[in-house]
């Protein structure tokens, strides 16, 4: 369970109240209405005027925030919806990650993204707001593909390292990284189109990735011989899927950038 570090204390409370977590809900929940207009920089706080908002997470249950929770985040973390976005890790570092404040009703509150789980939540929210800024349904296919590519890479290195919490956290942060990649696509790669041949570069990248997999498995003392054979087959399939997903220079550049900056 991912905990939203969102703590509320009433004026009469003698001690701090327990954390409130974003509610798990169905993606079929009611529609929302925000003050974010598609394609318009979020120069004003994008307050939620509906009762709640559902933020979908591909492959997992969505986050559900009440209007109060969401608008408190909007008020205290403007780095999430900057009209001139930064890379999500830079945005996270600049956010301050923690706020303690008194709301309009005199209640003391704190919001924190300072834990590893909190950083996951920040990246999911970052992706949500930046997607609103992009405001183009045409990017949906590219978004799905880029998220899939990043998760394929994350799976490969997670399996090579025998798993670990880092790879689990990456599963969520990838949404922010992918949306940042789409931001770069809009302002640079879109003009390149598909005229840029990547055959040679992609062949070299995949060859290096296969070599990396083979070297790691060959020298690992933590994986049994039987399991190595199984992993080789599974990873060969994952690499083959990557081959089919990487179809232009945008995907190739973002794949290599993500891999070499993250693993």
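The values are calculated or read from the model by the stated rules, or taken from the named source; none is laboratory data. Just so it is clear, the structure is predicted and the values come from calculations on it, not from any experiment. All Cβ positions, even for glycine, are placed from backbone atoms using ideal geometry, and neighbour counts span all protein chains on display.
Determine if the range 76-91 includes at least one residue that is part of a strand (DSSP E or B) and closer than 24 Å to residue 147 by Cβ.
First, pick out the residues of the range 76-91 that are part of a strand (DSSP E or B): none.
No, the range 76-91 has no match at all.
Number of residues in the range 215-263 that are outside any helix (DSSP H, G or I) and loosely packed, with under 15 Cβ neighbours inside 10 Å equals 4.
Would the range 160-174 turn up any residue that is out of contact with any helix residue (DSSP H, G or I) (no Cβ under 9 Å at 6 or more places or on another chain), within 30 Å of residue 224 (Cβ to Cβ) and part of a loop (DSSP other than H, G, I, E, B)? Reasoning before the result, please.
Going through the range 160-174, the residues out of contact with any helix residue (DSSP H, G or I) (no Cβ under 9 Å at 6 or more places or on another chain) turn out to be 162-163.
Filter again for within 30 Å of residue 224 (Cβ to Cβ), leaving 162-163.
So of that shortlist, the ones also part of a loop (DSSP other than H, G, I, E, B) come out as 162-163.
Yes, because at least one residue in the range 160-174 is out of contact with any helix residue (DSSP H, G or I) (no Cβ under 9 Å at 6 or more places or on another chain), within 30 Å of residue 224 (Cβ to Cβ) and part of a loop (DSSP other than H, G, I, E, B).
Flag set for residue 240, criterion: without any contact (Cβ under 8 Å) to a residue 40 or more places away in the chain and under 25 Å from residue 146 (Cβ atoms).
So that you can scan it fast, the table gives a plain yes or no per residue for (1) at positive phi; (2) in contact with a strand residue (DSSP E or B) (Cβ under 7 Å, 6 or more places away or on another chain); (3) buried (at least 17 other Cβ atoms within 10 Å of the Cβ):
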residue: 94; (1), (2), (3): no, no, no
residue: 101; (1), (2), (3): no, yes, no
residue: 119; (1), (2), (3): no, no, yes
residue: 176; (1), (2), (3): no, no, yes
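When each of 195, 212 is tested for being assigned to a helix (DSSP H, G or I) and either on the phi < 0 side of the Ramachandran plot or exposed (fewer than 14 other Cβ atoms within 10 Å of the Cβ) (or both), the lone residue that passes is 212.
Residue 204: farther than 22 Å from residue 145 by Cβ, in a helix (DSSP H, G or I) and over 26 Å from the mean Cα position of the chain (by Cα), yes or no?
Here the answer is no, as residue 204 does not meet what is asked.
Is it the case that residue 51 is outside the structural domain of residue 166 (by TED's automatic domain parsing), surrounded by 16 or more Cβ atoms within 10 Å (Cβ to Cβ) and modelled with pLDDT of 95 or more? Walk me through how you get there before you give the answer.
Values: outside the structural domain of residue 166 (by TED's automatic domain parsing): yes; surrounded by 16 or more Cβ atoms within 10 Å (Cβ to Cβ): no; modelled with pLDDT of 95 or more: yes.
Here the answer is no, as residue 51 does not meet what is asked.
Hey, among the residues in the range 103-116 that are farther than 16 Å from residue 69 by Cβ and touching a strand residue (DSSP E or B) at 6+ places or on another chain (Cβ under 8 Å), which one's surrounded by the fewest Cβ atoms within 10 Å (Cβ to Cβ)?
So the first thing to find is which residues in the range 103-116 are farther than 16 Å from residue 69 by Cβ, and the list is 106, 114-116.
Restricting the remaining residues to those that are touching a strand residue (DSSP E or B) at 6+ places or on another chain (Cβ under 8 Å) gives 114-115.
Working: 114: 15, 115: 12.
The selected residue is 115.
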